[in-house]
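This report refers to the structure that appears directly beneath it.
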Amino acid sequence: GAGVSQSPSNKVTEKGKDVELRCDPISGHTALYWYRQSLGQGLEFLIYFQGNSAPDKSGLPSDRFSAERTGGSVSTLTIQRTQQEDSAVYLCASRRTGGAPYEQYFGPGTRLTVT
Amino acid sequence: QQQVKQSPQSLIVQKGGISIINCAYENTAFDYFPWYQQFPGKGPALLIAIRPDVSEKKEGRFTISFNKSAKQFSLHIMDSQPGDSATYFCAVTGGSSNTGKLIFGQGTTLQVKP
């Protein structure tokens with residue numbers, strides 16, 4: 001079956017612009033996660049969705065970052081007024097109901113470059 | 001504050017050799033200790049995981065050894081193959097409200113020479 005898909009695969013934006021990153025989880029997976037991967041910070045958790053609710057937003061680095069999930073499926077991560085330190089690969093992962101907490105399936109990521 | 005420390009940062013092993021990657025954690029509340037494999041341009045993929053009530057878990061050529069008292073766990077890749085060349089991440093997750101939030105180590109880049 002289809003895995004987690006993310007779009008765009010690459011995004012180059014100018015400092016100060018807003019960007020939207022999209023994640024399509026595996027069909028039927030109720031849990032969805034966003035992570036960020038950068039050379040300086042490694043792999044870090046951003047936010048967790050269960051259905052359309054986000055009970056854990058503890059990893060969002062600032063109020064410029066927000067995310068939503070609609071219909072218990074697609075999720076969008078929005079970064080407002082992008083800064084150069086936002087450059088990273090943004091990864092989405094999904095997990096099925098009843099799966100072990102670590103059984104997360106990752107998408108290929110969106111590489112964001114802020115110039 | 002790094003909750004998970006992974007070493008070495010990079011590793012070169014000859015084909016057929018054993019690759020060993022180590023991780024140390026601080027918080028004893030963690031419930032699960034998974035390892036992920038990542039190839040360039042791809043997202044991480046779950047390789048193997050262990051719970052703290054067992055000391056070792058083996059799946060094929062991959063083995064996790066767990067030392068609860070030392071708060072350490074390691075990945076052993078037996079008979080390493082060039083196709084194993086990738087970046088490996090240890091992670092921890094758990095606690096009273098386990099949402100599956102993964103806390104990753106810094107990663108180890110493994111190169112297996114033919």
query: What is the local net charge at B:Arg51, summed over the other residues whose Cβ is closer than 12 Å to its Cβ (Lys, Arg +1; Asp, Glu -1)?
result: -1
- line: Toy charge model, Lys and Arg Cβ at +1, Asp and Glu Cβ at -1: region B:13-114 dipole around Cα centroid in debye, rounded to 20, equals 140
message: Could you report chain A's accessible area per residue, 1.4 Å probe, as an integer in Å²?
response: 47
- request: Along Cα→Cβ, 7 Å out, is where each label goes; now give me the distance between the ones at A:Asp63 and A:Arg111 in nm to one decimal.
  value: 3.4
Phi-based couplings in Hz for region A:85-93 (Karplus 6.51, -1.76, 1.60; Gly and Pro marked x): 6, 7, 4, 4, 9, 9, 10, 10, 9
field: Mean-position separation - Cα centroids, region A:50-115 and region A:1-47, in angstrom
entry: 5
query: Size of the dipole of region A:1-95 about the Cα centre, Lys and Arg at +1 and Asp and Glu at -1 on the beta carbon, nothing else charged, in debye to 20?
result: 60
message: Residues of region A:83-111 with the amide nitrogen closer than 15 Å to a label point 7 Å from the Cα of A:Glu14, along Cα-to-Cβ, please.
response: A:83-84
- request: Within 10 Å of each Cβ in peptide A:85-96, how many partner chain Cβ atoms are there on average? Round it to a whole number, please.
  value: 1
- prompt: Each residue of region B:102-114 in order: what ³J(HN,Hα) in whole Hz does its phi give by Karplus 6.51 cos²θ - 1.76 cosθ + 1.60, θ = phi - 60°, with x for Gly and Pro?
  reply: 9, 10, 9, x, 7, x, 10, 8, 9, 10, 9, 8, x
- request: Measure off 7 Å from each Cα along the Cα-to-Cβ vector at B:Ile18 and A:Arg22, then give the distance between these two points in nanometres to one decimal.
  value: 4.9
- prompt: Of the heavy-atom accessible surface of chain B (probe 1.4 angstrom), what whole percent is carbon and sulfur?
  reply: 48
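The values are calculated or read from the model by the stated rules, or taken from the named source; none is laboratory data. A quick note: this is a predicted structure, and the numbers were derived from the prediction, not measured. Glycine gets a Cβ as well: all are built from the backbone with ideal geometry, and neighbour counts include every protein chain shown. Remember, those area values only see protein heavy atoms, side chains included, never the ligands or the DNA or RNA. Shrake-Rupley method; radii C 1.70, N 1.55, O 1.52, S 1.80 Å.
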